[in-house]
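The values are calculated or read from the model by the stated rules, or taken from the named source; none is laboratory data. Fair warning: this is a prediction, and the values are worked out from it, not measured in the lab. All Cβ positions, glycine included, derive from the backbone under ideal geometry; neighbour counts span all protein chains shown.
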Amino acid sequence: MKNIFSISLLSSAILAASAWAQNPSAEERFAKPSDELVKLESQYWERTPIPIPDDIILESSGILALPNQELLVTTRRGEIWHIAGAYDKVPNPKFTLFASGLHEPLGIIAAPQGGFYVAQRPEVTHIEDTDGDGRADSFKTIAEIPISGSYHEYAFGPIMAPNGNMRVTLNVAFGAATQSPVPWRGWMIEITPDGQVIPIAAGLRSPAGFTVSKDGVWLSAENQGEWVGSGRVTQIDEGDFIGHIASLAWTREPGSTVTLRPGDIPDSGEPMHEVAKRIPGIKSPAVWLPHTIQGISTAGLVEDLTGGDFGPFAGQYYISDQGQSKIIRMSMEQVKGVWQGASYAFREGFECGIIRLTWGENATLWAGETNRGWGSVGPKREGLERLTWTGKTPFEIKEATAQVDGFLLTFTQPVDQESAADPANYGITSFTYKYHKTYGSPPINVKPHTIAKIEVADDGLSVRIAVPGFRQGYVHEIKASGLIDAKSGEALLHDTAYYTLNEIPYGERIAPPGWMEAETITRHHHVPAVAVTAASVKNQTAPPAAWNGKEPDQHISIGTKPGLQFDQTLIEVKAGSRIQFTFNNVDDMMHNFVLTQPGKGMDVGNAAMQLGVAGEGMNFVPKSDDVIAHTKILHPESSETIYFTVPDKPGDYDYVCTFPGHAFLMKGILRVTK
């Protein structure tokens with residue numbers, strides 16, 4: 001079946017490429033970020049891109065590792081490729097087309113009876129090569145999946161359940177009058193071998209990554225969006241409501257495991273865990289993934305079952321990000337029957353956005369890549385890469401766990417005792433997100449914490465930190481930037497953990513009496529208030545006083561196009577002229593407009609991604625002399641008019657959207673002439 005929605009997105013990508021071709025000098029200015037960190041990470045986990053023939057567009061959307069070091073890879077263009085030779089030290093793979101004509105398949109698994117199960121947009125299909133010629137010749141519909149025609153109605157999976165059924169997660173529609181126009185959009189569903197569809201849980205938005213652990217625990221990852229303040233991972237039980245209300249349109253249908261209705265959910269902007277206390281059935285995330293810090297478009301999710309063959313994090317999870325082209329790490333624990341845990345940076349520098357992660361032989365982690373329609377930090381359009389452990393162990397925070405009065409950090413290697421005992425080498429800040437129908441949320445209720453006491457283990461492999469006023473239901477940023485390795489003197493490869501504290505465990509306190517109830521706050525390592533003030537003078541929403549009442553010399557208005565694009569990529573103005581500039585965001589996601597010095601667009605875009613928790617409060621505009629003027633972050637269907645004076649020096653001045661990850665695609669040139 002032809003995928004007309006993907007064709008539309010492809011056209012947008014082609015238009016963007018055409019715009020770049022008209023101004024190649026601008027494209028050359030944009031380079032990959034974090035080169036120094038990527039070089040360090042490469043010492044421990046080696047990234048190997050797989051060569052792809054020029055006549056194959058491998059928008060990898062699902063990966064199945066076969067015996068004998070072979071792979072089956074589905075693509076968003078409806079193909080399945082058999083690949084041999086991808087495991088070779090220097091890959092020279094052979095590609096054979098196994099199947100084509102599918103409708104944007106986003107996952108593939110082996111079927112117990114032979115052949116394979118594939119999730120397409122409109123159905124789950126059993127596919128098999130019955131005559132042994134290397135091409136699929138049997139296509140049987142196992143279960144139909146209703147679709148209405150929205151480009152956003154993706155179907156992810158399938159994954160085999162312990163009971164022998166399959167599970168699939170279904171995206172909501174986007175940009176329509178209703179985001180669940182057909183049954184079970186925004187649900188996790190279970191499919192029996194004979195095709196019966198069983199609704200499991202509601203409230204999903206874009207659950208691109210989900211898995212079932214070795215212990216039978218179902219986890220689903222989410223992308224920031226409406227009703228989703230930031231990326232997150234939620235543990236799912238039958239009957240749960242995860243948060244997005246569109247799916248509640250179908251809770252009166254026979255078989256629904258959820259009884260909540262859309263009117264039961266308040267759009268109050270309170271923290272989600274507070275709303276969940278009042279409304280039974282709402283499931284708060286097990287782990288929040290702070291937006292722009294731990295990714296901007298959460299995708300693949302896998303458990304490390306390699307027993308240490310992939311490195312020191314066996315039993316933890318790896319999560320890929322499509323927008324930032326990277327993989328983060330997640331540890332989890334169950335406290336008082338509730339799942340919670342922490343996320344950590346792990347590996348950057350991939351060539352494209354990673355939508356799928358799959359384990360292969362020899363503890364190889366395969367990354368399937370695509371960025372069509374969204375863009376990504378990695379500049380390539382599609383790809384397939386493998387990640388393997390080099391055998392070297394970095395100095396890292398191995399795991400953060402909750403204690404009755406704070407947190408316990410364990411390390412991969414012994415920490416220097418003196419550095420670990422110094423409170424000045426830590427910074428702990430708690431925050432959360434709004435639960436509302438607005439797209440995304442800035443961090444709210446941000447509070448820094450002091451440290452009451454530190455206990456360093458004799459072997460140097462752990463540090464216990466007592467944190468007065470730490471908060472249940474909140475994310476805690478735990479920075480340990482001053483710690484060094486006891487032997488090498490090296491700093492932590494990644495020095496921050498983000499722990500979501502859903503429940504506080506029982507146990508003995510180490511803090512002095514009275515300290516845990518105190519709210520003595522003395523320092524905070526984030527400085528958003530100063531940065532916002534510095535940046536806001538470049539966001540003039542009225543004619544500047546320096547114009548002395550003079551009218552603008554030129555009125556400019558630009559908008560957006562699908563595929564992360566401005567609708568104009570070249571604007572010509574006169575040096576020193578007064579500009580009234582209107583930016584209209586008609587896209588379905590948030591954007592801003594930031595004018596920078598020549599050749600500095602990507603530098604400013606990279607700096608925006610490093611703003612962390614403070615980013616949204618600063619409109620993702622860093623404090624930088626390279627920024628000339630900017631709008632605020634605009635939600636869909638909104639606009640802002642700003643005023644600025646064009647620099648006197650002629651040249652090509654970059655303009656970009658600095659919403660994290662967008663600058664790599666969403667850019668243009670303001671050409672200043674004499």
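Within region 98-108, the set of residues being farther than 18 Å from Glu369 by Cα and of a type in the set (A, V, I, L, M, F, W, C) comprises Phe98, Ala99, Leu102.
Can you pull out the residues in region 242-298 that are of a type in the set (S, T, N, Q) and touching a residue at least 40 places away in the same chain (Cβ under 8 Å)? Steps first, please.
Residues of region 242-298 that are of a type in the set (S, T, N, Q), as a first pass: 247, 251, 256-257, 259, 268, 284, 292, 294, 297-298.
Result: Ser247, Thr251, Ser256, Thr257, Ser268, Ser284, Thr292, Gln294, Ser297, Thr298.
If you go through region 462-501 and keep only what is of a type in the set (Lys, Arg) and in a loop (DSSP other than H, G, I, E, B), you end up with Arg471, Lys487.
Considering region 360-382 alone, what residues qualify as being more than 12 Å from Ser60 (Cα to Cα) and not in a strand (DSSP E or B)? Break it down into steps so the answer makes sense when it comes.
Taking region 360-382 and keeping what is more than 12 Å from Ser60 (Cα to Cα), we get 360-365, 373-380.
Glu361, Asn362, Ala363, Gly373, Trp374, Gly375, Ser376, Val377, Gly378, Pro379, Lys380, listed by residue number.
Scanning region 304-331 for residues that are touching a residue at least 60 places away in the same chain (Cβ under 8 Å) and within 17 Å of Thr500 (Cβ to Cβ) turns up Gln316, Tyr317, Ile319, Met330, Ser331. From the list Ala402, Ala491, Ala480, Ala424, the lone residue that is farther than 27 Å from Thr234 by Cα and in contact with a strand residue (DSSP E or B) (Cβ under 9 Å, 6 or more places away or on another chain) is Ala491. Selection of first residues in region 439-461 that are in a loop (DSSP other than H, G, I, E, B) and of second residues that are modelled with pLDDT of 90 or more and among the basic types (Lys, Arg), restricted to Cβ pairs under 9 Å at least 6 apart or on distinct chains, gives the following pairs, ordered by first then second residue: Gly440/Lys434; Ser441/Lys434; Pro442/Lys434; Ala457/Arg464; Leu461/Lys398. Within the bounds of region 559-566, is there any residue that is out of contact with any strand residue (DSSP E or B) (no Cβ under 6 Å at 6 or more places or on another chain), in a loop (DSSP other than H, G, I, E, B) and of a type in the set (D, E, K, R)? Within region 559-566, not a single residue is out of contact with any strand residue (DSSP E or B) (no Cβ under 6 Å at 6 or more places or on another chain), in a loop (DSSP other than H, G, I, E, B) and of a type in the set (D, E, K, R).
One residue is enough: does region 644-655 have a residue meeting the conditions crowded, with 21+ Cβ neighbours inside 10 Å, in the same structural domain as Met590 (by TED's automatic domain parsing), in contact (Cβ under 8 Å) with a residue 60 or more places away in the chain and within 23 Å of the chain's Cα centre (by Cα)? No, that holds for no residue. Ala367 fulfils the conditions (1) assigned by TED's automatic domain parsing to the domain that holds Ser462; (2) more than 27 Å from His449 (Cα to Cα); (3) of a type outside the set (D, E, K, R) except for a single criterion, (1).
Restricting attention to strands (runs of 3 or more DSSP E) lying wholly within region 105-168, give those where 3 or more residues are closer than 20 Å to Arg77 by Cα and out of contact with any Cys (no Cβ under 8 Å at 6 or more places or on another chain).
116-119, 123-128, 138-144, 155-160
All conditions but one from (1) surrounded by fewer than 18 Cβ atoms within 10 Å (Cβ to Cβ); (2) over 30 Å from Ser284 (Cα atoms); (3) at pLDDT below 95 apply to Arg509; the one that does not is (2).
Which one of Gly101, Gly107, Gly134, Gly85 is of a type in the set (Gly, Ala, Ser) and either modelled with pLDDT under 95 or closer than 25 Å to Glu190 by Cβ (or both)?
Details: Gly101 fails: either modelled with pLDDT under 95 or closer than 25 Å to Glu190 by Cβ (or both); Gly134 fails: either modelled with pLDDT under 95 or closer than 25 Å to Glu190 by Cβ (or both); Gly85 fails: either modelled with pLDDT under 95 or closer than 25 Å to Glu190 by Cβ (or both).
After ruling out the rest, the residue left standing is Gly107.
Just so you know, in region 415-469 the residues that are crowded, with 19+ Cβ neighbours inside 10 Å and of a type in the set (Phe, Trp, Tyr) include one that is nearest to Pro505 (Cα to Cα), and it is Phe431. Taken over region 55-83, the residue count meeting the criterion of being surrounded by fewer than 16 Cβ atoms within 10 Å (Cβ to Cβ) and not in a loop (DSSP other than H, G, I, E, B) is 1. The set of residues in region 94-104 being within 19 Å of Arg76 (Cα to Cα) and not in a loop (DSSP other than H, G, I, E, B) consists of Phe95, Thr96, Leu97, Phe98, Ala99.
Do you know which of the residues in region 39-54 that are in contact (Cβ under 8 Å) with a residue 60 or more places away in the chain and not in a loop (DSSP other than H, G, I, E, B) is surrounded by the most Cβ atoms within 10 Å (Cβ to Cβ)? Even if it seems obvious, please write down each step before you answer.
Our first condition is that a residue be in contact (Cβ under 8 Å) with a residue 60 or more places away in the chain; within region 39-54, this holds for 40-50, 52.
Okay, now just the ones that are also not in a loop (DSSP other than H, G, I, E, B), so 40-42, 45-49.
Numbers: Leu40: 14, Glu41: 22, Ser42: 14, Trp45: 18, Glu46: 12, Arg47: 19, Thr48: 16, Pro49: 16.
Among those that are in contact (Cβ under 8 Å) with a residue 60 or more places away in the chain and not in a loop (DSSP other than H, G, I, E, B), it is Glu41.
Of the residues making up region 336-357, those that are in contact with a strand residue (DSSP E or B) (Cβ under 9 Å, 6 or more places away or on another chain) and either basic (Lys, Arg) or under 30 Å from Val404 (Cβ atoms) (or both) are Val338, Trp339, Gln340, Gly341, Ala342, Ser343, Tyr344, Ala345, Phe346, Arg347, Arg356.
Entry remark, region 169-194: residues being modelled with pLDDT of 95 or more, assigned to a loop (DSSP other than H, G, I, E, B) and within 20 Å of Ala110 (Cα to Cα) number 1 in total. For Lys392, the criteria (1) touching a residue at least 60 places away in the same chain (Cβ under 8 Å); (2) surrounded by fewer than 23 Cβ atoms within 10 Å (Cβ to Cβ); (3) in a strand (DSSP E or B) hold in every case but one, which is (3). For region 267-307, residues that are surrounded by fewer than 18 Cβ atoms within 10 Å (Cβ to Cβ) and under 30 Å from Glu385 (Cβ atoms) total 3.
So which residues in region 330-354 are assigned to a loop (DSSP other than H, G, I, E, B) and either of a type in the set (S, T, N, Q) or under 13 Å from the mean Cα position of the chain (by Cα) (or both)? Before you say what the answer is, go through the steps one by one.
Of region 330-354, the ones assigned to a loop (DSSP other than H, G, I, E, B) are 336-337, 348-353.
Answer for region 330-354, where residues must be assigned to a loop (DSSP other than H, G, I, E, B) and either of a type in the set (S, T, N, Q) or under 13 Å from the mean Cα position of the chain (by Cα) (or both): Glu348, Gly353.
Taken together, the residues in region 151-201 that are among the hydroxyl-bearing types (Ser, Thr, Tyr) and either without any contact (Cβ under 8 Å) to a residue 40 or more places away in the chain or surrounded by fewer than 19 Cβ atoms within 10 Å (Cβ to Cβ) (or both) amount to 2.
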